[in-house]
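Undergrad: Sharing a structure below in structure tokens format, with a few things to ask.
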Amino acid sequence: MKDEQARRLPQKFPNLSELRNEYPILLSYWSEFRALIRHRDLRNLARLRWEDLTFDPVPGARLGFVRIRKGKSRNAKRTLSMKDCSYGFRPGRGPQDALDEVGRIICRRPISTILEADISGYFDAIVRSLLIEMIEKRVCDGGILRLIGKWINVGVIEDGRLLLSETGTGQGQVISPLLANIYLHYVLDEWFQTIVKPRLKGEAYEVRFADDFILCFQYREDAEKVLDVLKKRFEKYGLTLHPDKTRLMEFGRRALARSEKPGGPKPATFDFLGFTHICKRSQKGHFTIHVRTMRKRLRRSLKAVTEWCREHRHDSVDEQQEALNRKLRGHYQYYGRSTNFRSLLEFYERVRKIWQKWLNRRSRGNPMNWPAYEQLLRRHPLLRPRLSRPWKPVPVPVSSA
């Protein structure tokens, strides 16, 4: 009966998207599970949320049920729930949500100190044995554990040679973001929420996207204590904080008020997810945060546009315009936050000049001077800056983690 159900499974469920609601996958033997994966779309398999997977063993039988559900699991003890402070590689969450949360925490809570942290070579520094131990706390199926073991132990081919390493998960693999989230869930998120925060004098918050995270504190002495303990905590799990990119800074209402006094120091800024965060006053005089595109990211984007225009300068103008508008649209989609319009306009103007430069170099006998280029832009306009993430005045509760 069990073998008949396993053989009938591919015809009953033609794709993995149908399994996301209420249907369980019947796993009888490892060979049939491997065949199931081989005939399925691994991209859909990788989209399954970690908290949606539970394993219910059946006593006295070599089979079990892996239930994939949209709601909460019936067995809460076997379900790993990621903390609300984690935003990376999770369904329904993204970097823009993490940036919104940073603004809400700093503007609406009594925050005075920010810990900007960066992990050196995170994906290559994960200790595999510790990672497997963390996964085994929630997964007891030997076949799935062996599959994960093969994923993390596969090598990398460079210049025709197979390179093997003893640590890391291999950045770029489909399973790496999920495993990296699990590792930092135990190393940082759960530890900070259950052990660190109850011992602090004031309020503290964490916002993390993959391996990039910031910690917000009400008191500086709490931030200094956490920084000392965090280094030891990371060393225990094979991780290292970048010495140049990890720093404590005064940031918030107090820092802005101090800078407004005669001779006061300029308030510090910090970078997070491609944006530089700056203390400012709103038009009504209230404290707020403005964001600007990081200069490093802006230079990198302009360099990529320059290289593309140089390589494709002999393509037709229609093709170049279409490709450049796609690049501009993607840039506006990510960096188009409400206080970043000036950076968008700078990027747009620089792209216009870059395109004119390389169109002018297509032919020596027919130069593309600026008046001729403006006539060309009337026929083939570039996409002007626009905001994709306008300001939302509706208050949203701050996450507790």
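Undergrad: Based solely on C-alpha atoms, express the radius of gyration and the Dmax of the stretch 315-356 in angstrom.
TA: 11.2, 36
Undergrad: Same structure again: Which semi-axes, in whole Å and largest first, does the equivalent ellipsoid of the stretch 189-263 have when worked out from the alpha carbon gyration tensor as the square roots of 5 times its eigenvalues?
TA: Semi-axes (√(5λ), whole Å): 25, 15, 11.
Undergrad: Per 10 Å bin, what is the whole-percent P(r) computed from every C-alpha pair distance within the stretch 79-187?
TA: 11, 37, 30, 16, 5, 0
Undergrad: Could you give me the percent of Cα pairs per 10 Å distance bin for the stretch 116-156, shortest bin first, beginning at zero and ending with the bin that holds the maximum distance?
TA: 24, 48, 23, 6
Undergrad: Name the residue farthest towards the positive end of the dipole of the stretch 238-291 from the options 255, 282, 268, assuming +1 on Cβ of Lys and Arg, -1 on Cβ of Asp and Glu, about the Cα centre.
TA: Among 255, 282, 268, the one farthest towards the positive end of the dipole of the stretch 238-291 is 282.
Undergrad: OK, next. In the P(r) worked out for the stretch 196-316, what percent of Cα pairs fall beyond 27 Å?
TA: Of all Cα-Cα distances in the stretch 196-316, 37 percent exceed 27 Å.
Undergrad: Then there's this: When the solvent-accessible surface of protein heavy atoms is calculated with a 1.4 angstrom probe, in what order do 235, 133 fall, highest first?
TA: 235, 133
Undergrad: So which of 201/280; 245/357; 245/284; 327/353; 245/353; 137/245 end up more than 24 Å apart by C-alpha?
TA: Checking Cα-Cα distances, 201/280; 245/357; 245/284; 245/353; 137/245 exceed 24 Å.
Undergrad: Keeping all protein chains in place, calculate the accessible area per residue for the stretch 209-358 (probe 1.4 angstrom), answer in Å².
TA: Here the residues of the stretch 209-358 average 55 Å² of exposed surface.
Undergrad: Excluding residue 296 itself, calculate the net charge of residues whose Cβ lies under 11 Å from the Cβ of residue 296, where each Lys or Arg counts +1 and each Asp or Glu counts -1.
TA: Around residue 296, the charge tally is +4.
Undergrad: How large, in percent, is the carbon and sulfur part of the accessible surface of the stretch 198-295 at a probe radius of 1.4 Å?
TA: 48
Undergrad: Sort 182, 278 by accessible area with a 1.4 Å probe, largest first.
TA: Listed by decreasing accessible area, they come as 278, 182.
Undergrad: Suppose we keep just the alpha-carbon trace of the stretch 138-218; what are its Rg and Dmax in angstrom?
TA: Computed over the Cα atoms of the stretch 138-218, radius of gyration and Dmax are 17.1, 56 Å.
Undergrad: Report residue 203's accessible area, 1.4 Å probe, all protein chains in place, as a number in Å² to the nearest 10.
TA: 50
The values are calculated or read from the model by the stated rules, or taken from the named source; none is laboratory data. As the structure is a prediction and not an experimental result, all values here were calculated from the model. Cβ atoms come from the backbone with ideal geometry, glycine included; neighbour counts cover every protein chain shown. In case anyone asks, the SASA skips ligands and DNA or RNA and just uses the protein heavy atoms, side chains included. Shrake-Rupley method; radii C 1.70, N 1.55, O 1.52, S 1.80 Å.
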